[in-house]
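Novice: Encoded as structure tokens, here's the structure I'll be asking about.
The values are calculated or read from the model by the stated rules, or taken from the named source; none is laboratory data. Because the structure is predicted, anything quoted here is derived from the model rather than measured. Cβ sites come from the backbone with ideal geometry, for glycine too, and all protein chains shown count toward neighbours. Note: accessible area is taken over every heavy atom of the protein model, side chains too, but ligands, DNA and RNA are not part of it. Shrake-Rupley method; radii C 1.70, N 1.55, O 1.52, S 1.80 Å.
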Amino acid sequence: MVCLGNICRSPLAEGILRQKAQQNNINLFIDSAGTSNYHIGENPDNRTISNAKKHEVDISDLRARQFSVSDFDEFDTIFVMDSSNYADVIAQARNMTDKNKVEMILNRVYPNTNMSVPDPYFGGEQGFENVYILLDKACEIIIESIKQY
Ligand code: 4NP
């Protein structure tokens with residue numbers, strides 16, 4: 001799960017997907033990262049932690065890190081939150097195999113629309129709730145698609 005700072009959207013996506021994987025007894029290796037170095041080592045934004053807690057998802061222990069090229073080797077799928085994250089990650093791809101791993105996460109909910117998860121950082125609490133609703137839907141669909149295997 002990749003966003004810009006790794007303190008708002010992607011840690012929430014990581015927490016939600018991890019919770020759904022556990023609830024479904026699916027063993028997944030899940031992590032998140034930011035394309036920027038702005039918040040390396042920090043816990044998620046307090047507003048994200050509170051919002052997640054409201055939905056019984058605990059992400060308080062996560063620490064921000066920066067996306068790196070080796071993530072293409074570690075992960076089968078790289079979900080990005082917005083079109084700017086997409087461009088930043090694709091720019092680091094070494095080949096088509098890397099590129100094909102990168103997906104806009106909301107394309108799982110609204111196929112082929114390339115919609116972005118809005119950045120809630122500079123807004124109010126409703127923005128965080130909106131992000132939760134979008135990511136919860138996307139993660140539910142991701143889990144369902146894995147169950148088909
Ligand atoms: P995120 O949100 O990419 O969802 O973690 C942001 C966090 C920090 C900043 C921007 C977006 N920032 O400019 O510091």
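Novice: Give me Rg over Rh for the chain, both radii from the alpha carbons and Rh done the Kirkwood way, two decimal places.
Specialist: Working: Rg = 14.2 Å, Rh = 15.2 Å.
Over the Cα atoms of the chain, Rg/Rh equals 0.93.
Novice: Once every DSSP H run of n ≥ 4 in the chain is given -39500 (n - 2.57) and the sum is divided by its residues, what mean residue ellipticity at 222 nm do you get, rounded to the nearest 500 deg cm²/dmol?
Specialist: Working: 6 runs with 64 residues, N = 149.
Computed ellipticity for the chain at 222 nm equals -13000 deg cm²/dmol.
Novice: Whole number in Å², please: accessible area per residue of the chain, 1.4 Å probe, ligands, DNA and RNA not counted. Walk me through the intermediate numbers first.
Specialist: Values: 7900 Å² over 149 residues.
Counting only protein heavy atoms, the per-residue value for the chain is 53 Å².
Novice: In addition: Using a 1.4 angstrom probe and counting only protein chains, how large is the accessible area of residue 36 in Å², to 10?
Specialist: It works out to around 10 Å².
Novice: Length gain on complete extension for the stretch residue 74 to residue 27, per 0.36 nm per residue less the alpha carbon to alpha carbon distance? Kindly include the intermediate steps, with their values, before the conclusion.
Specialist: Details: separation 47, 0.36 × 47 = 16.92 nm, distance 1.52 nm.
Gain in length upon complete extension: 15.4 nm.
Novice: What is the range 1-125's relative contact order, in percent, from Cα pairs under 8 angstrom and six or more apart in sequence?
Specialist: Numbers: 197 pairs, mean separation 33.4, N = 125.
The normalised contact order for the range 1-125 reaches 27 percent.
Novice: So how far apart, in nm, are the two label points at residue 121 and residue 36 if each is 7 Å from Cα heading toward Cβ?
Specialist: About 0.2 nm, to one decimal.
Novice: I'd like the accessible area for residue 113: 1.4 Å probe, protein heavy atoms, all chains in place, Å² to the nearest 10.
Specialist: The accessible area of residue 113 comes to roughly 70 Å².
Novice: Now, a different point. Comparing 38, 86, 132, which has the greatest mean-square fluctuation in the GNM of the chain with Cα pairs linked when under 10 Å apart?
Specialist: Highest fluctuation among the options: 38.
Novice: Restricting to Cα pairs below 8 Å that are 6+ residues apart, what does the relative contact order work out to for the range 1-62? Please round to a whole percent.
Specialist: Values: 80 pairs, mean separation 26.2, N = 62.
It rounds to 42 percent for the range 1-62.
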